[in-house]
1. Among (1) under 21 Å from the mean Cα position of the chain (by Cα); (2) more than 30 Å from G159 (Cβ to Cβ); (3) open to solvent by less than 50 Å² (accessible area, probe 1.4 Å), there is one condition H61 misses while meeting the rest; what is its number?
2. Taking region 30-48, which residues are within 26 Å of L140 (Cβ to Cβ) and either exposed (fewer than 13 other Cβ atoms within 10 Å of the Cβ) or not hydrophobic (A, V, I, L, M, F, W, C) (or both)?
3. Within region 68-97, which residues are touching a strand residue (DSSP E or B) at 6+ places or on another chain (Cβ under 6 Å), among the hydrophobic types (A, V, I, L, M, F, W, C) and surrounded by fewer than 15 Cβ atoms within 10 Å (Cβ to Cβ)?
4. Inside region 107-122, can you point out the residues that are under 15 Å from K147 (Cα atoms) and surrounded by 12 or more Cβ atoms within 10 Å (Cβ to Cβ)?
5. Would you check which residues across region 123-151 are more than 19 Å from Q99 (Cβ to Cβ), open to solvent by 40 Å² or more (accessible area, probe 1.4 Å) and in a loop (DSSP other than H, G, I, E, B) and list them?
6. Could you tell me whether any residue of region 9-19 is of a type in the set (A, V, I, L, M, F, W, C), open to solvent by 80 Å² or more (accessible area, probe 1.4 Å) and more than 26 Å from S134 (Cβ to Cβ)?
7. Give, as residue ranges, the strands (runs of 3 or more DSSP E) completely inside region 1-90 that count at least 2 residues that are among the charged types (D, E, K, R) and in contact with a Lys or Arg (Cβ under 8 Å, 6 or more places away or on another chain).
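The values are calculated or read from the model by the stated rules, or taken from the named source; none is laboratory data. Here the structure is a predicted model, which means the values were calculated and not measured. Glycine gets a Cβ as well: all are built from the backbone with ideal geometry, and neighbour counts include every protein chain shown. Accessible surface is based on the protein model in full, side chains and every heavy atom, while ligands, DNA and RNA are left aside. Shrake-Rupley method; radii C 1.70, N 1.55, O 1.52, S 1.80 Å.
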Amino acid sequence: MSRIGKLPISIPDTVKVELQDHTVSVKGPKGTLSMVVHPAMDVRVQDRQVLCGRPSDTKFHKALHGLTRSLIANMVEGVTKGFERKLELVGVGYRAAVQGQNLTMTLGYSHPIIYPIPQGIRIEVKDQTQLMVSGTDKQLVGAVAAKVRSFRPPEPYKGKGVKYADERIRRKAGKTGAK
């Protein structure tokens, strides 16, 4: 049995989980998320818990078992607490601002970068160099944070660029002077 897949997911009092055909819908105080589960997986709700099962011990079903349980657990956590990623802009003149439904960033290019904020994501800017991407969907929060970081990834010589707040940049020594 999968060590992750066999663990029950406890449902808080403020969350409602519904199963229809192969669709799991989770509704909570922060919003609603739904996901289509693979037809081979057995998902049940019993006694304020979600239980996942698998039909056989094949490698495919074992992997799918743990994945299904993790995705449903992330949905439950997302509608109760939510997820967030913090980003930092490091560099002279690097700044960000939210204007309506767009994130506008100045990252040392000849033009500002305008990124439309996806539905279900909130971006907060603190003192122009600190960004916080938050939302209920863990995958979408991570994808948006990675996209924002990809506009100017941190470089190893001076450490300039957009980096995660908890990211450590491996630094390289620069050129040595000629004699």
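1. Unmet for H61, out of (1) under 21 Å from the mean Cα position of the chain (by Cα); (2) more than 30 Å from G159 (Cβ to Cβ); (3) open to solvent by less than 50 Å² (accessible area, probe 1.4 Å): (1).
2. Within region 30-48, K30, G31, T32, S34, V36, H38, P39 qualify.
3. A97
4. The answer is L107, I113, Y115, I117, P118, I121, R122.
5. Listed by number, the list holds a single entry, D137.
6. The answer is no; no qualifying residue exists.
7. Output list reads 16-20.
Okay, residues lined up against (1) within 16 Å of the chain's Cα centre (by Cα); (2) touching a residue at least 40 places away in the same chain (Cβ under 8 Å):
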{"position": "E84", "(1), (2)": "yes, yes"}
{"position": "Q99", "(1), (2)": "no, no"}
{"position": "I117", "(1), (2)": "yes, no"}
{"position": "I121", "(1), (2)": "yes, no"}
{"position": "E124", "(1), (2)": "yes, no"}
{"position": "V133", "(1), (2)": "yes, yes"}
{"position": "V141", "(1), (2)": "yes, yes"}
{"position": "P156", "(1), (2)": "no, no"}
{"position": "E167", "(1), (2)": "yes, no"}
